[in-house]
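> Here it is: the structure, laid out below.
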Amino acid sequence: MFDSLLHQNIRSKLISLLIANEELPFKALKEYLQVTDGNLSSHLNKLEKANYIQIEKMFEGKRPKTVIYITDKGKDAFHKYIQDLKKFIEKNQ
């Protein structure tokens with residue numbers, strides 16, 4: 001019933017942040033979610049494999065920078081997930 005990728009605390013928060021901002025740097029996501037680099041990378045890899053997000057690595061001056069973007073597929077999946085949650089709540093009231 002629920003999207004198993006999004007029905008996970010960190011990933012649902014991560015996608016929510018990207019829905020609100022369209023894109024965020026890795027560092028900002030890490031701070032918002034209060035997770036380790038490895039933990040965040042693991043969640044990002046799963047979402048990227050599903051094409052829910054796009055990861056772009058670049059340099060800002062001489063410093064590396066990673067920016068995460070939400071894709072149209074990610075937006076659609078999140079909106080469907082929210083609708084599924086609403087239906088579940090309404091059905092079980």
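Laboratory data are not the source of any read-out in this text; all were calculated from the coordinates shown. Since we're looking at a predicted model, the values are computed, not measured. Cβ sites come from the backbone with ideal geometry, for glycine too, and all protein chains shown count toward neighbours.
> Computed from the mean reciprocal separation of all distinct C-alpha pairs, what Kirkwood hydrodynamic radius does the chain have, in Å?
Evaluated over the chain, this radius sits at 13.8 Å.
> If you fit an axis through the alpha-carbon atoms of helix 9-21 and take the longest principal axis of the Cα set of the chain, what angle between them do you get, 0 to 90°, nearest 10?
70 degrees
> In deg cm²/dmol and to the nearest 500, what is the mean residue ellipticity at 222 nm of the chain if only DSSP H runs of at least 4 residues count, each as -39500 (n - 2.57), divided by the residue total? Could you put the intermediate results ahead of the total?
Numbers: 4 runs with 54 residues, N = 93.
Calculated from helices alone, the mean residue ellipticity at 222 nm is -18500 deg cm²/dmol.
> Relative to 2.2 N^0.38 Å, what does the C-alpha radius of gyration of the range 27-79 come to as a ratio? Two decimals please. Can you show the working numbers first?
Numbers: Rg = 12.0 Å, N = 53, 2.2 N^0.38 = 9.9 Å.
Rounded to two decimals, the normalised Rg is 1.20.
> Right, something else. Can you tell me the order of 48-59, 3-14 when each peptide is scored by its average per-residue count of other Cβ atoms within 10 angstrom, highest first? Provide the component values of the computation, followed by the final result.
On the way: 48-59: 13.9, 3-14: 16.8.
Packing order, densest peptide first, comes out as 3-14, 48-59.
> Report, by chain and number, residues whose modeled amide H sits under 5 Å from the one on residue 53, excluding near sequence neighbours (fewer than 5 apart, same chain).
48, 71
> Let me ask another. Which pairs in the list 30/91; 65/87; 13/73 are over 28 Å apart, alpha-carbon to alpha-carbon? Mind dumping the intermediate values first?
Working: 30/91 35 Å; 65/87 39 Å; 13/73 17 Å.
In this structure, 30/91; 65/87 exceed 28 Å between Cα atoms.
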